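Here the structure comes first, spelled out in structure tokens, and everything after it is commentary.
The values are calculated or read from the model by the stated rules, or taken from the named source; none is laboratory data. Just so you know, these numbers come straight off a predicted model, no measurement behind them. A quick note on method: Cβ atoms are made from the backbone with ideal geometry, for glycine too, and the neighbour counts reach across all protein chains shown. These accessible areas exclude ligands, DNA and RNA; they are computed on the full protein's heavy atoms, side chains included. Shrake-Rupley method; radii C 1.70, N 1.55, O 1.52, S 1.80 Å.
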Amino acid sequence: ENTIELKPNRRLPSSLACCMVAISRHIRRRWRPQAVCAAVSAAIAVSALAALAGVTATGWLGGGGLSVATMRLFHPRGLRRGGVGLERCRASVRRGNIIRCVVTNPDDPAKEYPSQALHPELFDPKGIEGWLEPGLLEALRAFRESGDPLQIDLAALPGVRVEAPGIVSFACLTKETCGKILSEARRFTESEFVQHPPNNMNRDGVVLNDIGLRPAFSMLFQRWMKGIGARVFGEDGVRAETLKGTPLETENWGGCTLTDHHTFVVRYAPDRDRRLDMHIDECDVTFNVGLTDGNDFEGGDLEFCGNYGTAGYRKYHHTYRHEVGRCVVHAGKRRHAVADVEGGERASLVMWTTSLSFRQTQEYKDKCGDFDKLLRPLPSEGVTPDPECVSMRHDRDNSKWSHLI
């Protein structure tokens, strides 16, 4: 309902047999038939020009072939700067500008790769319980049966601890599962399938949703992680206040209404992505699982600072060292970075989860500003920021503090 679907003519070269489906909040509010006509006309024109130019689907998508004009139609106020390719579309989905974005082509990895997978058992959602630590299965059993997150006793999560105010970790995946996921990511990276970066910050990684693992990770998200998100970052009355006597000091980030996930593997090494600048995630609640042990690499610590939109957003908070299978949970708007990896390889499985309904609330806008209108809070700090919390890429006043780094 109220969905625009753009497809090139079937008689065009198969390399151009791709489509994007998007639902815009703007169009849902104001359904305009003329907008559909314009969209279809634009799709036919772009497809015909691409066919005449002999552009392949890979080059077309990678270069932002579904261009700004089309995206403006989906959401007139958004994405007006720069080329709009597949990753920009996904980023828009995570920000809540667009509800859904799907691109398919004849070499769609989600359909083709599973038959070539190194560990085909990973692609069967029925085997998810075998991924998890037995203690986690037991701790979440009541939630699985009732769907009520209040049935989750956070203290019963295996190895759970409060790393710092607002940051919790627990034993999640088995070491065997972590090894399989990492080796599958490496296998896909070496394949001939089209590679897309996991986000606009990392180059070396794999979007697991795109290679046929979305059903498996959707089940993991819906049946287990979602409940933990509600207990740690849900609304008042559901969100736990303490863990084993230690105050959590968390707040509502839509944990009770998480609806979607973007799951990917990221890898760091001295000769590839060496580090990750201080940033916030394009999500509401982040689950980050170590795939390599802290002893397998040098450097690469996860450094946390304050929450975006608060006066202490550039004050140092905590340093976390990954352990295989251990999951650290934090608000997506908690600023964090990956320190330089000096040796070995650091890899992690990241699940960005989002609540579209929470993003429509005044509470969210008070915390984060209005992303649609590009209004973002930048409160007065009153003190000098800590050097590790200054971002040379994302902070607008970075030149003022560059001498600290």
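Residues are listed down the side, and each one gets a yes or a no for (1) free of Cβ contacts under 8 Å to residues at least 60 places away in the same chain; (2) touching a strand residue (DSSP E or B) at 6+ places or on another chain (Cβ under 7 Å); (3) in a loop (DSSP other than H, G, I, E, B); (4) within 26 Å of GLY369 (Cβ to Cβ):
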position	(1), (2), (3), (4)
ARG274	no, yes, yes, no
ASP281	no, yes, yes, yes
THR286	no, yes, no, yes
VAL289	no, yes, no, no
THR292	no, yes, yes, no
GLU298	yes, yes, no, no
GLY306	no, yes, no, yes
THR310	no, no, yes, yes
THR319	yes, yes, no, no
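So which residues in the stretch 337-350 are surrounded by fewer than 23 Cβ atoms within 10 Å (Cβ to Cβ) and not in a loop (DSSP other than H, G, I, E, B), if there are any at all?
ALA337, GLU342, GLY343, GLY344, VAL350
Would you mind finding the one in ARG393, ARG359 that is in a helix (DSSP H, G or I), modelled with pLDDT of 75 or more and within 22 Å of the chain's Cα centre (by Cα)? First the steps, then the outcome.
Working: ARG393 fails: in a helix (DSSP H, G or I).
Every option except ARG359 fails the conditions.
Report the residue count in the stretch 224-266 for those that are assigned to a strand (DSSP E or B) and of a type in the set (S, T, N, Q). So that I can check it myself, show each step before the final result.
Step one: list which residues in the stretch 224-266 are assigned to a strand (DSSP E or B), which gives 242-243, 246-247, 260-266.
If we keep only those that are of a type in the set (S, T, N, Q) too, we end up with 242, 246, 263.
So the answer is 3.
Can you confirm whether HIS322 is at pLDDT 95 or above and touching an Asp or Glu at 6+ places or on another chain (Cβ under 7 Å)?
Working: at pLDDT 95 or above: yes; touching an Asp or Glu at 6+ places or on another chain (Cβ under 7 Å): no.
Judged against the criteria, HIS322 is not a match.
Looking only at residues that are in a helix (DSSP H, G or I) and among the β-branched types (Val, Ile, Thr) in the stretch 177-223, which one is nearest to PRO149 (Cα to Cα)?
THR177
Within the stretch 157-177, can one find any residue that is in contact with a Phe, Trp or Tyr (Cβ under 8 Å, 6 or more places away or on another chain), open to solvent by less than 30 Å² (accessible area, probe 1.4 Å) and of a type in the set (Phe, Trp, Tyr)?
No, that holds for no residue.
Given (1) open to solvent by 30 Å² or more (accessible area, probe 1.4 Å); (2) in contact with a His (Cβ under 6 Å, 6 or more places away or on another chain); (3) of a type outside the set (A, V, I, L, M, F, W, C), identify the lone condition not met by GLU192.
The number of the failed condition is (2).
Quick test of your reading of the structure: TYR316 fulfils all but one of (1) under 29 Å from ARG267 (Cβ atoms); (2) open to solvent by less than 60 Å² (accessible area, probe 1.4 Å). Name the failing condition by number.
Checking TYR316 against (1) under 29 Å from ARG267 (Cβ atoms); (2) open to solvent by less than 60 Å² (accessible area, probe 1.4 Å), the one that fails is (2).
Between a first residue in the stretch 252-267 that is under 25 Å from HIS322 (Cα atoms) and β-branched (Val, Ile, Thr) and a second residue that is open to solvent by 30 Å² or more (accessible area, probe 1.4 Å) and assigned to a helix (DSSP H, G or I), which pairs have beta carbons less than 8 Å apart while being 6 or more apart in sequence or on different chains?
Qualifying pairs under 8 Å: THR263/ARG214.
Looking at the stretch 127-153, I want the residues that are touching a residue at least 60 places away in the same chain (Cβ under 8 Å) and open to solvent by less than 90 Å² (accessible area, probe 1.4 Å) and have a partner that is of a type in the set (S, T, N, Q) and not in a loop (DSSP other than H, G, I, E, B) with Cβ atoms under 6 Å, at least 6 apart or on another chain. Which pairs are those?
Qualifying pairs under 6 Å: TRP131/THR177; PHE143/GLN151.
If I filter the stretch 375-388 for residues that are surrounded by fewer than 21 Cβ atoms within 10 Å (Cβ to Cβ), out of contact with any Cys (no Cβ under 8 Å at 6 or more places or on another chain) and closer than 18 Å to LEU276 by Cβ, do I get at least one hit?
Among the residues of the stretch 375-388, at least one is surrounded by fewer than 21 Cβ atoms within 10 Å (Cβ to Cβ), out of contact with any Cys (no Cβ under 8 Å at 6 or more places or on another chain) and closer than 18 Å to LEU276 by Cβ, which makes the answer yes.
Looking at ALA269, ALA230, ALA240, can you tell me which residue is touching a Pro at 6+ places or on another chain (Cβ under 6 Å) and either open to solvent by less than 10 Å² (accessible area, probe 1.4 Å) or not basic (Lys, Arg) (or both)?
Working: ALA269 fails: touching a Pro at 6+ places or on another chain (Cβ under 6 Å); ALA240 fails: touching a Pro at 6+ places or on another chain (Cβ under 6 Å).
Going through ALA269, ALA230, ALA240 in turn, just one is touching a Pro at 6+ places or on another chain (Cβ under 6 Å) and either open to solvent by less than 10 Å² (accessible area, probe 1.4 Å) or not basic (Lys, Arg) (or both): ALA230.
Residue under question is ARG334, and the condition is that it be buried (at least 20 other Cβ atoms within 10 Å of the Cβ), under 26 Å from MET392 (Cβ atoms) and not β-branched (Val, Ile, Thr); does it hold?
Yes, satisfied.
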